[in-house]
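Visitor: Could you have a look at this structure, given as structure tokens, before my questions?
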Amino acid sequence: MPALLANPDAQFVLWALIKIVVILFGLLGVVSYLTFAERKVAGHIQARTGPNRVGPFGLLQPIADVLKLFFKEEFIPAGANKVVFHIAPMLAVIPALVTLGPNFTVTDLNVGLLLFLAMSSLGVYSITLAGWSSNNKYALLGGLRSSAQMISYELAMGLSTVGVLMLAGSLSLVDIVHAQQRYWFIVQQPLAFIIFLITAFAETNRAPFDLPEAEAELVAGFHTEYSSMKWGLFFLGEYANMITISSIAVTLFLGGWNGPWLPEPLKFLWYFAKLAALLFFFMWVRWTFPRLRYDQLMQLGWKVLLPLALLNVMVTAVGLWWAVGR
């Protein structure tokens, strides 16, 4: 065993496994308390207290919620496709967990950004399959809405990252952070950052873009027929995707772990501070702005964000050509 651990490849694999386990279980804990944080934020915005009964200051409320979901009765519609019905909730969580690996530098992939874009595109399958397999017309409409919404906004999101890639000259998330040691890319790519942030709300189905689960129109949307921990997995997937997409925004536009004052071993605190600020922004927007109509959602994606993202790519290319060519 000691001889095996002396092997550099074995050390690399062991260290990666340790980081994966820490991030996985840490993420599950963080997601649980993100629900608590959101309910507290919502309470303050709506002039109420939020959870305050279970444990001191309500801090045990997420644990009570998890226990409730585990012991809640599970219901499966008689006409549902049971295989797909069981697979769909898992597809809501797995892509977010896979994407977190390179973003938290479990391993420095030279195509880390491509992995994020590929994995984030799989989220549409979870919602679409959940709506279709439930044998419920409201759930099916929610799934169809989601497929159109997420595919539409993926285009603008992908294009908004092209300017960053042109400036950094690499698809590696670590290289992109190193390229921002002098100044963050939000300074050079403010329009791309705004586009990425707006599309992030649509990709995570967060208000004001939560059309796939518009409860006033579709009961609960794609997860109408889900209960117990299967419903909890969709909930977990939403918050895990919030963490993933916020961490990507920090990496691409806000300098990652770069920041002033702190010594090198404590630089990671900048990363988590920026991540926390973006997560708070997600919550603030949800409880502040009303939901868009579906036609407004599509017009914003295709007629506003996509042309602006293309314009940003063109302007960035011309700027680089001017800076290098002359």
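Visitor: In a GNM of the chain with a 10 Å cut-off on Cα contacts, which of K40, K274, K68 has the highest mean-square fluctuation?
Guide: Between K40, K274, K68, it is K68 that shows the largest mean-square fluctuation.
Visitor: What's the longest bit of the chain with no exposed GluC sites (Glu not before Pro), using DSSP loop states and at most 15 other Cβ atoms within 10 Å as the test?
Guide: Values: sites that count: E73, E74.
Answer from the scan: 75-326.
Visitor: Which translational diffusion coefficient, to the nearest whole µm²/s, is obtained for region 16-100 from the Stokes-Einstein equation, given a Kirkwood hydrodynamic radius over C-alpha pairs, 37 °C and 0.692 mPa s? Present the calculation step by step, with values, prior to reporting the outcome.
Guide: On the way: Rh = 15.6 Å.
So the translational diffusion coefficient is about 210 µm²/s.
Visitor: Then there's this: Grab the other residues whose beta carbon is less than 14 angstrom from that of G259, score K and R as +1, D and E as -1, and report the net.
Guide: +2
Visitor: Per the helix-only calculation at 222 nm, which mean residue ellipticity applies to the chain, given -39500 (n - 2.57) for every DSSP H run of n ≥ 4 and division by its residues, nearest 500 deg cm²/dmol? Walk me through the numbers on the way to the answer.
Guide: Values: 16 runs with 226 residues, N = 326.
Counting only the DSSP helices, I get -22500 deg cm²/dmol.
Visitor: P(r) for the chain: what percent of alpha-carbon pairs falls in each 20 Å bin, starting at zero?
Guide: That works out to 28, 57, 14, 0, in percent per bin.
Visitor: Quick check on region 162-291: what are the equivalent-ellipsoid semi-axes from the Cα gyration tensor, as sqrt(5λ), descending, whole Å? Don't skip to the end; give the middle numbers.
Guide: Values: eigenvalues 208, 51, 34 Å².
Gyration-tensor ellipsoid for region 162-291: 32, 16, 13 Å.
Visitor: Hey, if you drop one equal point scatterer on each alpha-carbon of region 77-206 and run the Debye formula without solvent, what base-10 log of I(q)/I(0) do you get at q = 0.16 Å⁻¹?
Guide: Those come out to -0.84, one per q.
Visitor: How much net charge surrounds K40 when only other residues with a Cβ under 15 Å from its Cβ are counted (Lys, Arg +1; Asp, Glu -1)? Show your work: numbers first, answer last.
Guide: Working: positive: R39, R48, R53, R286; negative: E38, D65.
Combined, the nearby Lys, Arg, Asp and Glu give +2.
Visitor: Nearest 20 debye, what's the magnitude of the dipole of the chain about its Cα centre given +1 on Lys and Arg Cβ and -1 on Asp and Glu Cβ? Write down the numbers at each step before the final one.
Guide: Numbers: 20 positive and 17 negative charges, 111 e Å.
I would put it at about 540 debye.
Visitor: Ok, one more. Mind grabbing the base-10 log of I(q)/I(0) for region 161-236 at q = 0.28 Å⁻¹? Debye formula, identical points on the C-alpha positions, no solvent, two decimal places.
Guide: With one equal scatterer per Cα and no solvent, log10 I(q)/I(0) is -1.28.
Visitor: Past 18 Å, Cα to Cα, is the threshold; run K82/K230; K68/K230; K40/K274 against it and keep the listed order. Write out the running numbers ahead of the final one.
Guide: Working: K82/K230 13 Å; K68/K230 13 Å; K40/K274 20 Å.
Correct reply: K40/K274.
Visitor: A further question follows. Given the protein chains as shown and a 1.4 Å probe, how many square angstrom of W270 are accessible, to the nearest 10?
Guide: Number for this one is 60 Å².
Visitor: Please report, as a whole percent, how much of the solvent-accessible surface of the chain comes from carbon and sulfur atoms (probe radius 1.4 Å). Mind dumping the intermediate values first?
Guide: Details: 11910 of 16530 Å².
Result for the chain: 72 percent of the exposed heavy-atom area is carbon or sulfur.
Visitor: Round to the nearest 10 and report in Å² the accessible area of L27, as given by a 1.4 Å probe over the protein chains' heavy atoms.
Guide: Per-residue accessible area (L27): approximately 10 Å².
The values are calculated or read from the model by the stated rules, or taken from the named source; none is laboratory data. Keep in mind the model is a prediction, meaning the values are calculated, not measured. FYI the Cβ positions are ideal-geometry reconstructions off the backbone, even for glycines, and counts take in every protein chain you see. Only protein heavy atoms, including side chains, enter the accessible area calculation; ligands, DNA and RNA are left aside. Shrake-Rupley method; radii C 1.70, N 1.55, O 1.52, S 1.80 Å.
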